1. Kindly indicate whether any position in the range 43-53 is among the acidic types (Asp, Glu), away from the ligand (no atom under 13 Å from the Cβ), at pLDDT 95 or above and out of contact with any helix residue (DSSP H, G or I) (no Cβ under 6 Å at 6 or more places or on another chain).
2. Any residue that is assigned to a loop (DSSP other than H, G, I, E, B) and either of a type in the set (Val, Ile, Thr) or more than 30 Å from Gln340 (Cα to Cα) (or both) - is there at least one of those in the range 249-269?
3. Is at least one residue of the range 12-25 assigned to a strand (DSSP E or B), of a type in the set (A, V, I, L, M, F, W, C) and open to solvent by 10 Å² or more (accessible area, probe 1.4 Å)?
4. Mind listing whichever residues of the range 443-470 are more than 16 Å from Ala355 (Cβ to Cβ) and buried (at least 23 other Cβ atoms within 10 Å of the Cβ)?
5. Just the residues that are in contact (Cβ under 8 Å) with a residue 40 or more places away in the chain, out of contact with any Pro (no Cβ under 8 Å at 6 or more places or on another chain) and either among the aromatic types (Phe, Trp, Tyr) or within 12 Å of the ligand (Cβ to nearest atom) (or both), please, taken from the range 204-220.
6. Looking only at the range 116-133, which residues are outside any loop (DSSP other than H, G, I, E, B) and either charged (D, E, K, R) or over 43 Å from the mean Cα position of the chain (by Cα) (or both)?
7. Take the residues in the range 275-292 that are on the phi < 0 side of the Ramachandran plot and small (Gly, Ala, Ser); name whichever of them is surrounded by the fewest Cβ atoms within 10 Å (Cβ to Cβ).
8. Within the range 159-203, count every residue that is farther than 17 Å from Gln85 by Cα, within 16 Å of the ligand (Cβ to nearest atom) and out of contact with any Asp or Glu (no Cβ under 6 Å at 6 or more places or on another chain).
Amino acid sequence: MEETVRTRFAPSPTGFMHLGGLRTALYAYLYAKSHGGKFILRIEDTDQQRFVEGAIDVIYDSLKGSGLYYDEGPDVGGDYGPYVQSERKEIYAEYAKKLIELGGAYYCFCSKERLESLTDANGNRKYDKHCLSLTKEEVEKRIAAGEPYVIRQNIPTEGTSTYEDLIYGTISIDYSELEDNILIKSDGMPTYNFANVIDDHLMGITHVIRGTEYLSSTPKYNLMYDAFGWKRPVYIHLPPIMKDATRKLSKRYGDANFDDFLKKGYLKEAIINYVALLGWSPKENVEKMSLQDMIRLFSLDGISRSQSIFDEAKLRWLNGEYIRAMSQDEFYRAALPFLQTSAVNGKFDLKRISALLQPRVETLGEIPEKIDWLAELGDYDLSLFNNKKNKTDAETAKSLLPAIREYLLSVDDYSNDALFAGLSAKAGDLGVKSGAVFWVLRIAVTGQGVTPGGATEMVSLLGKEETVRRIDRSLELLSR
Ligand code: GLU
């Protein structure tokens with residue numbers, strides 16, 4: 001029987017969800033789900049100095065919010081817990097002891113000063129295996145005397161390590177390039193180098209999916225799998241996501257945080273969809289995909305070895321596609337927090353404004369700037385009345401507006417359709433093209449060259465009282 005695929009996402013709780021991390025999580029999720037497997041969340045919090053309040057919730061919320069439900073994890077349970085590394089200290093201690101017995105690790109008592117003295121002229125430092133030669137008795141004596149110590153990995157000084165990565169192919173690294181890194185720190189906490197191996201094995205992880213920054217340290221992990229007599233997992237390393245040709249996407253540039261994109265008015269579905277395309281080209285060459293589509297289409301053949309560049313313009317475009325595909329109600333619900341920050345809040349029907357905006361925005365963040373002006377009719381440039389096609393200008397406006405005003409005052413049905421029909425007929429009576437009426441009316445009530453919707457949509461939204469008030473104000477401006 002085929003073994004069940006088990007993948008994991010193993011973030012450190014930094015307080016924000018990096019888009020690169022989200023992509024790693026997504027691919028691990030897709031790989032598991034497309035193979036009928038399990039996706040596991042493990043929190044890698046052994047660096048207690050970097051503790052950030054609430055950071056674990058950010059991870060839970062980002063994953064669940066984007067639909068990446070994990071089968072096992074700290075808050076959902078599972079048979080392989082605990083799923084938080086800081087709760088697994090005893091487990092690491094036990095396996096570190098075993099590894100020492102197997103010759104794969106050793107105690108080290110070297111002082112900070114001694115370690116610093118190993119720094120060469122170029123500022124590089126490599127541990128010299130000084131403590132490897134300590135006898136068992138000596139080690140026991142020093143531990144009993146309460147001397148602080150770390151546990152280091154014992155890496156061979158010669159030879160080459162080779163393994164297969166499913167994306168990058170055969171990877172060979174000379175042991176001489178590796179160092180006897182610390183596995184257990186003096187506070188008893190494991191380092192990533194140790195904990196990832198112990199946990200991936202004990203949690204039954206079959207496929208390790210992570211960034212290329214781990215490509216060259218994987219031989220160290222393989223040494224441990226081999227020493228323990230454990231099966232190595234399959235490795236799938238993913239290329240980095242770049243801001244441009246030389247710089248990685250990073251929190252520092254303010255362009256890597258999932259939450260920031262939500263705040264800018266991108267939809268979760270669009271972000272996750274876009275992130276999926278950063279390094280993977282689905283066979284059918286589709287771009288807009290639901291999570292279910294992605295599960296169906298996901299395949300490692302489509303994953304590229306080269307870095308991908310994050311293109312916000314493309315994300316915007318995709319986000320616009322998602323906005324257009326929403327129902328009016330869905331869009332209204334998503335847009336509401338943005339509508340509420342706009343100056344029109346409390347003045348006009350937000351639901352109607354949202355319907356006007358849906359075909360016209362790519363991100364929800366554009367909403368306030370697209371409608372703030374609607375709150376008040378300020379002074380505006382009268383040359384906006386100039387329109388070649390409709391043969392209008394300020395003079396035409398001045399002559400047409402009183403009749404338009406009178407008409408709008410006389411009717412009560414302010415639905416867009418009724419206004420459109422009525423004003424078209426009125427234009428006929430006045431002996432002008434309806435386009436001329438709509439043009440001067442739209443400018444007169446909005447003072448804007450571009451509006452989300454035509455004259456009658458604007459008038460319908462403003463209502464009778466406000467429309468007439470604005471026409472009066474425009475007539476006043478025109479007669480100055
Ligand atoms: N905690 C590591 C990180 O955030 C996980 C790497 C891995 O997936 O093994 O980079």
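1. First pass over the range 43-53, keeping only residues among the acidic types (Asp, Glu): 44-45, 47, 53.
With away from the ligand (no atom under 13 Å from the Cβ) added as a condition, the list becomes 53.
Then drop every residue that is not at pLDDT 95 or above, which leaves none.
Checked against the condition, which is being among the acidic types (Asp, Glu), away from the ligand (no atom under 13 Å from the Cβ), at pLDDT 95 or above and out of contact with any helix residue (DSSP H, G or I) (no Cβ under 6 Å at 6 or more places or on another chain), the range 43-53 yields no hits at all.
2. Start the filter on the range 249-269 by keeping residues that are assigned to a loop (DSSP other than H, G, I, E, B), which leaves 249-250, 254-256, 264-267.
In the following step, the residues that additionally are either of a type in the set (Val, Ile, Thr) or more than 30 Å from Gln340 (Cα to Cα) (or both) were identified as 249-250.
Yes: one or more hits.
3. No - not one qualifying residue is present in the range 12-25.
4. Ile443, Ala444, Val445, Thr446, Ala455, Thr467
5. Ile209, Arg210, Leu215, Thr218
6. Within the range 116-133, the subset outside any loop (DSSP other than H, G, I, E, B) is 116, 119, 125, 130-133.
Passing the criteria: Glu116, Arg125, His130, Cys131, Leu132, Ser133.
7. Applying the first criterion (on the phi < 0 side of the Ramachandran plot) to the range 275-292 yields 275-278, 280-284, 286-292.
Retained after the next criterion (residues that are small (Gly, Ala, Ser)): 276, 281, 290.
Working: Ala276: 22, Ser281: 14, Ser290: 12.
So, considering only residues that are on the phi < 0 side of the Ramachandran plot and small (Gly, Ala, Ser), the one surrounded by the fewest Cβ atoms within 10 Å (Cβ to Cβ) is Ser290.
8. To start, the set of residues in the range 159-203 that are farther than 17 Å from Gln85 by Cα comprises 159-181.
Subsequent filtering for residues that are within 16 Å of the ligand (Cβ to nearest atom) retains 163, 165-168, 171, 181.
Now restrict to residues that are out of contact with any Asp or Glu (no Cβ under 6 Å at 6 or more places or on another chain): 163, 165-168, 181.
Going through the range 159-203 one residue at a time, the tally reaches 6.
The values are calculated or read from the model by the stated rules, or taken from the named source; none is laboratory data. All figures in this text were calculated on a predicted structure; none of them were measured in a lab. We place every Cβ from the backbone using ideal geometry, glycine too, and count neighbours over all the protein chains shown. Keep in mind that these areas ignore ligands, DNA and RNA; they rest on the heavy atoms of the full protein, side chains included. Shrake-Rupley method; radii C 1.70, N 1.55, O 1.52, S 1.80 Å.
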